[in-house]
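See structure below.
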Amino acid sequence: MNKLLIFVLVMLAIYWIRRSLSAPASKGGERAATGKAKRRGEPEKMLACAHCGVHVPESEGVHGEHDFFCCAEHRRQHRSQH
Ligand SMILES: [Zn+2]
């Protein structure tokens, strides 16, 4: 039982260390403010808005029930059409 507790603590420690290492080193955290910030260097997936067809990064758009939209307003407009 004790071994299990130590294992869990070690896993938590690794998780904390990894999280602190992946956090942006610069002050301010301009991308972290969005709450959806991706790791630096990771290519952003571009998706087309189902309403207007504009391509936006996945983290900056919104997901509908089945589609992807560039903004919440377009998701609302698209939903009201169907
Ligand atoms: Zn749109």
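All of the numbers you see were taken from the coordinates with simple rules; none came from a lab. Keep in mind that what you see is a predicted model, and the values were worked out from it rather than measured.
List of remarks:
- Rounded to the nearest Hz, the phi-derived 3J(HN,Hα) couplings of the stretch 67-81 under the Karplus curve 6.51 cos²θ - 1.76 cosθ + 1.60 (θ = phi - 60°) are 10, 10, 10, 6, 7, 5, 5, 5, 5, 5, 5, 5, 5, 6, 7, where x marks glycine and proline.
- For Gly64, the residues whose amide H sits under 5 Å from its own are Phe69, ignoring neighbours fewer than 5 places away on the same chain, with H placed 1.01 Å from N.
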